[in-house]
1. Arrange the peptides 301-312, 268-279 so that the one whose residues have, on average, the most other Cβ atoms within 10 Å appears first.
2. Cross-link partners among lysines for K139, C-alpha distance below 21 Å, same-chain residues fewer than 8 apart left out?
3. Taking the Cα centre of the stretch 154-282 as origin, work out the dipole magnitude from +1 charges on Lys and Arg Cβ and -1 charges on Asp and Glu Cβ, in debye rounded to 20.
4. What is the dipole size for the stretch 225-318, taken about its Cα centre, with +1 at each Lys and Arg Cβ and -1 at each Asp and Glu Cβ, in debye to the nearest 20?
5. For the stretch 131-225, what does the relative contact order come out to in percent, with C-alpha contacts under 8 Å and a separation of six or more?
6. If you look at just the Cα atoms of the chain, how large are its Rg and its Dmax in Å?
7. With 10 angstrom as the radius, rank I93, I98, I334, I316 by how many other C-beta atoms surround their C-beta, starting from the fewest.
8. Of the options V51, L64, T19, report the single residue whose Cα projects farthest towards the positive end of the charge dipole of the stretch 18-82 (beta-carbon charges: Lys, Arg +1; Asp, Glu -1).
Amino acid sequence: MRCRTAAVVGQRWGMLAATAVSQSATDPLAGLVLGDVPEPEPPPGWSVVRVVSSSLNMHDLWTLRGVGHPPDRLPIILGCDAAGYDEDGNEVIVHPVIADPDAGRGDETLDPGRALLSERHNGSFAEYLTVPARNLIPKPSWLSFDEAACLPVAWTTAYRMLFTQAKITAGDSVLVQGAGGGVASAAIKLAVAAGAVVYATSRSEDKRTQAMAWGARLAVPTGERLPERVDVVIETVGEATWSHSMRSLRPGGTIVIAGATSGVNPPADLGRIFYLQQRILGSTGCTRSELVALLKLMDATGLRPVIDRTLPLDEIHKGFQLMIDGQLTGKLVIKEIAR
């Protein structure tokens with residue numbers, strides 16, 4: 001089904017892609033180059049996807065800043081999320097974790113050799129993408145390509161944090177730190193759909209208002225005391241909110257961490273943890289089966305991702321700047337340009 005693009009690099013077919021070529025903690029966008037690259041050729045057992053929509057994640061920004069991504073893996077095409085068409089014209093969502101479930105004792109996120117798209121394999125900010133065939137999941141007809149592109153990283157991360165790690169049930173109380181982010185917005189909506197009492201924090205009044213519109217019982221300024229101690233804290237902010245997360249957690253409660261955008265080394269407060277018998281759990285990515293389960297939950301409840309805006313691939317620098325400036329509520333979708 002492949003419909004190759006018209007651009008040619010030398011004698012080879014080419015495609016437009018956003019590539020990380022260098023890293024800088026202070027000027028990350030200096031290393032982001034938009035231009036033609038050769039189209040990918042899939043190795044045995046892999047498939048080609050014509051990308052229709054992808055979305056921006058903090059992971060992409062960390063790569064450009066040199067956090068958790070060795071420079072010897074550059075250049076690499078960025079982008080972790082993708083929805084599009086497989087080689088037979090079927091609408092698909094790409095599960096972004098490239099890994100072996102057997103090496104992770106049945107859980108591919110525990111495979112020591114796992115890699116998210118754009119870590120060791122070129123990502124989705126391009127017209128075409130190659131992934132293992134098992135990573136393709138049929139896109140439901142009730143989900144648009146833009147909506148589908150928001151799910152593979154942010155929404156599945158939130159799903160795993162809430163249901164696999166914290167094992168929330170109806171009536172639990174959940175605090176979501178940093179209400180405007182992609183994972184946080186997903187966590188609020190998913191926890192509300194599960195029947196939890198949800199609290200949220202944000203420095204932005206607009207984002208607190210939005211969190212209430214998504215079903216949070218209360219949204220307060222970052223660090224403000226809650227009316228009760230909660231069963232679960234969803235933590236992706238890190239140092240800036242860690243002490244508040246600890247103070248807000250009930251004895252025996254659980255903090256699930258899937259990121260630390262403000263810093264990774266807050267005071268551990270070990271005395272509080274052992275005395276109050278609290279649990280601190282890490283969470284990374286999701287399994288293929290968890291993405292399938294998320295789709296079933298969304299179908300049953302009518303949940304849809306929060307999309308802040310959509311930009312074409314040739315405006316991806318603008319999208320990154322909006323993320324750097326904290327101007328996004330929910331996900332920013334990147335549309336591939338047909339040429």
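Every number in this text was worked out from the coordinates using simple rules, so none of it is lab data. Quantities reported herein were computed from a predicted structural model and do not represent experimental measurements. Glycine gets a Cβ as well: all are built from the backbone with ideal geometry, and neighbour counts include every protein chain shown.
1. Working: 301-312: 16.3, 268-279: 12.2.
Result, highest mean first: 301-312, 268-279.
2. In chain and number order, the partners are K189, K296, K331, K335.
3. Details: 13 positive and 9 negative charges, 33 e Å.
My answer is approximately 160 debye.
4. For the stretch 225-318, the charge dipole is close to 280 debye.
5. On the way: 129 pairs, mean separation 21.1, N = 95.
Relative contact order of the stretch 131-225: 22 percent.
6. 19.8, 67
7. Lowest to highest Cβ neighbour count: I98, I316, I93, I334.
8. With unit charges placed on the Cβ atoms, the residue in question is L64.
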